[in-house]
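The values are calculated or read from the model by the stated rules, or taken from the named source; none is laboratory data. Please read all numbers here as calculations on a predicted model, not as lab measurements. Cβ sites come from the backbone with ideal geometry, for glycine too, and all protein chains shown count toward neighbours.
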Amino acid sequence: MSERYEIKEQIGRGGLGVVYRAFDAHLNRDVAIKKVLVDSGEPLEELTANLVIEAKTLSALKHPHIVTVHDVGQDEDGPYIVMELLEGETLDSIMKPGVMAVDDFEEFAVQTLEGLVAAHSVGLLHRDLKPANLMIVWLPSGKFQVKILDFGLAKFSRKPTAQTVDHKDSLLGSIFFMAPEQFERSPLDARTDLYSIGAIFYYALTGQYPFEGESAVEVMNAHLEHRFTPLAEVRPKVPDPVCAWVERLMARKMEDRPASAQDALDTWNPKPVIDEAQLREAASGDPELAAELLTGFREEAEGLIEKMNRELESGETDAAAETARTIRGTASTLGYTEIISIASEIEEHAKSDPERCRGLSDKFSSALARLADAVARLSWND
Amino acid sequence: MSEARILIADDGKVMRVVITRKLKEKGYEVTAAAGGREALDLIEREPFDLLLLDVSMPDMDGMETLERLRERFSAIQLPVIMATANDEDEDTVRAFELGANDYVLKPINFPVLYARIETQLKLKRATEELERVTKSGRPQPG
């Protein structure tokens with residue numbers, strides 16, 4: 001390794017290894033090199049095997065939200081993995097000053113889940129997701145990029161696998177984010193990672209662990225008994241659908257969680273889609289008036305949707321299309337793009353496919369039900 | 001900009017609030033009615049320079065309101081701009097036949113609405129001035 005990689009400094013230490021900043025003389029770039037902790041008391045063969053697995057699984061994944069593995073090798077000190085060097089901070093470092101803004105959370109949650117979707121799609125579980133394993137990299141544009149680190153415990157797993165236990169019989173992974181099935185030594189699957197992600201999301205939004213205790217046993221019992229303070233109580237400003245979505249991720253029973261990371265992403269729709277510039281224009285830049293208008297619109301639209309449903313039921317499809325058009329007119333004035341798109345679809349299909357329109361009507365209702373959160377988000381005075 | 005008195009008739013509260021606010025910002029004096037009947041009642045009681053009339057309303061729709069209105073007031077006495085979400089030619093033609101001065105499509109493009117209102121108000125003032133001059137026999141200064 002010394003010929004090609006010049007170790008510069010230690011930049012991190014994990015359960016299985018130490019991470020260094022190094023210079024790759026062949027490609028003339030800085031890289032991160034993870035080396036096994038040879039004095040950790042673990043048999044070197046097992047550590048080597050773990051690292052090789054980590055390297056293979058990671059190198060199979062090329063994804064913007066998963067750290068990229070460039071190379072793997074072994075020298076007189078043991079095996080090492082060469083990875084892209086990330087200039088960022090782990091989530092636990094970032095969280096020290098406070099909690100994540102709800103808007104940042106949306107981006108953070110989506111990126112993290114996209115990384116998991118990629119890993120799960122090739123049968124990889126992480127099994128050790130925790131804030132220290134999520135790196136936040138700041139981009140020149142001012143935006144951030146999430147990188148999932150340390151798939152050190154990941155194994156190919158298309159089917160549920162038995163819990164991995166180390167030689168001291170202690171469970172691997174960070175106890176605050178481990179799923180109940182990991183304590184119970186039950187079979188794990190993708191939903192195990194979703195539980196950990198849910199607990200991380202809770203932590204990101206509140207700055208506190210969902211499952212707490214004075215000792216490891218107490219923390220474990222909190223997980224097993226599913227004792228946690230509802231997210232909305234800890235941070236009331238988080239919109240209700242976001243709270244429900246996060247809490248569903250960390251449901252006690254695996255079957256109550258989303259079936260997959262993709263399913264979790266598909267159900268991520270915490271706020272109505274509103275063109276804020278248009279709404280601001282309609283409300284003359286006054287957030288209070290905007291809130292009043294949205295609330296008024298909800299009341300009006302609910303009445304109109306009932307009317308439209310009656311018209312669809314009785315076969316008055318022209319009238320139903322006209323009612324949808326009325327809803328669209330007001331929604332357009334307020335910049336409520338989600339409603340506009342549903343209304344347009346109903347206008348188009350009222351005559352040819354009333355059944356489909358009745359289904360769309362349910363979408364109307366659920367979009368309206370989320371309006372309260374849009375109102376809560378209006379903060380143009382800030 | 002004038003201090004013209006504008007009446008708007010729209011059964012949607014949100015639209016009434018938005019339009020009222022926007023037109024007031026432009027310097028108009030604005031009164032809002034929640035339907036055709038209420039608009040006709042208001043017009044009986046007080047003078048308005050222009051009516052912005054929504055076509056689709058439950059109690060008395062814009063077309064019927066316009067038809068009744070034109071029995072009493074000419075297109076110069078009370079210009080009417082129809083607001084409709086329906087851009088079918090048939091409806092537009094019918095509105096003009098019933099005596100609408102102009103129409104705007106919903107969602108309302110406010111700069112377009114302001115321009116159309118001003119056009120109608122200028123036309124009304126010019127026509128009234130012409131009538132006054134014709135009656136008095138000589139033009140007034142200014």
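See the values below:
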{"read-out": "Residue among A:Pro131, A:Pro140, A:Pro64 that is assigned by TED's automatic domain parsing to the domain that holds A:Tyr203 and surrounded by fewer than 16 Cβ atoms within 10 Å (Cβ to Cβ)", "value": "A:Pro140"}
{"read-out": "Search result, residues across the range B:13-40 that are crowded, with 17+ Cβ neighbours inside 10 Å and of a type in the set (Asp, Glu)", "value": "B:Glu38"}
{"read-out": "Test: residue in the range A:315-331 that is within 23 Å of A:Ile274 (Cβ to Cβ) and assigned to a loop (DSSP other than H, G, I, E, B)", "value": "no"}
{"read-out": "Unique residue being touching a residue at least 60 places away in the same chain (Cβ under 8 Å), among the small types (Gly, Ala, Ser) and either more than 14 Å from chain B (Cβ to nearest Cβ) or closer than 20 Å to B:Pro58 by Cα (or both) when the list is A:Ala301, A:Ala321", "value": "A:Ala301"}
{"read-out": "Every residue from the range A:256-284 that is assigned to a helix (DSSP H, G or I) and either closer than 27 Å to B:Val18 by Cβ or in contact (Cβ under 8 Å) with a residue 60 or more places away in the chain (or both)", "value": "A:Ala261, A:Gln262, A:Ala264, A:Leu265, A:Glu276, A:Ala277, A:Gln278, A:Leu279, A:Arg280, A:Glu281, A:Ala282"}
{"read-out": "Some residue of the range A:307-314 being within 14 Å of chain B (Cβ to nearest Cβ) and under 19 Å from B:Lys13 (Cβ atoms)", "value": "yes"}
{"read-out": "Out of A:Glu247, A:Glu311, A:Glu316, sole residue that is farther than 16 Å from A:Arg370 by Cβ, within 31 Å of the chain's Cα centre (by Cα) and at pLDDT 90 or above", "value": "A:Glu247"}
{"read-out": "Single condition B:Ile43 does not satisfy, out of (1) buried (at least 19 other Cβ atoms within 10 Å of the Cβ); (2) within 19 Å of B:Arg116 (Cβ to Cβ)", "value": "(2)"}
{"read-out": "Conditions (1) at pLDDT 70 or above; (2) within 30 Å of A:Ala261 (Cα to Cα): number failed by A:Asn28", "value": "(2)"}
{"read-out": "Hits in the range A:287-298 (condition: without any contact (Cβ under 8 Å) to a residue 12 or more places away in the chain and more than 8 Å from chain B (Cβ to nearest Cβ))", "value": "A:Glu288"}
{"read-out": "Some residue of the range A:113-122 being in contact with a helix residue (DSSP H, G or I) (Cβ under 9 Å, 6 or more places away or on another chain), under 19 Å from A:Glu84 (Cα atoms) and of a type in the set (Ser, Thr, Tyr)", "value": "no"}
{"read-out": "Subset of the range B:92-131 [within 14 Å of another protein chain (Cβ to nearest Cβ) and touching a Phe, Trp or Tyr at 6+ places or on another chain (Cβ under 9 Å)]", "value": "B:Tyr103"}
{"read-out": "Positions within the range A:58-104 being part of a helix (DSSP H, G or I) and modelled with pLDDT of 90 or more, in sequence order", "value": "A:Leu91"}
{"read-out": "Some residue of the range B:16-32 being more than 14 Å from chain A (Cβ to nearest Cβ), part of a helix (DSSP H, G or I) and under 22 Å from A:Ala343 (Cα atoms)", "value": "no"}
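Residue-wise test of (1) in the same structural domain as A:Arg325 (by TED's automatic domain parsing); (2) surrounded by fewer than 19 Cβ atoms within 10 Å (Cβ to Cβ); (3) under 30 Å from A:Ser196 (Cβ atoms).
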{"site": "A:Ala244", "(1), (2), (3)": "no, yes, yes"}
{"site": "A:Met254", "(1), (2), (3)": "no, no, yes"}
{"site": "A:Ala261", "(1), (2), (3)": "no, no, yes"}
{"site": "A:Ala282", "(1), (2), (3)": "yes, no, no"}
{"site": "A:Glu288", "(1), (2), (3)": "yes, yes, no"}
{"site": "A:Glu292", "(1), (2), (3)": "yes, yes, no"}
{"site": "A:Gly303", "(1), (2), (3)": "yes, yes, no"}
{"site": "A:Met308", "(1), (2), (3)": "yes, no, no"}
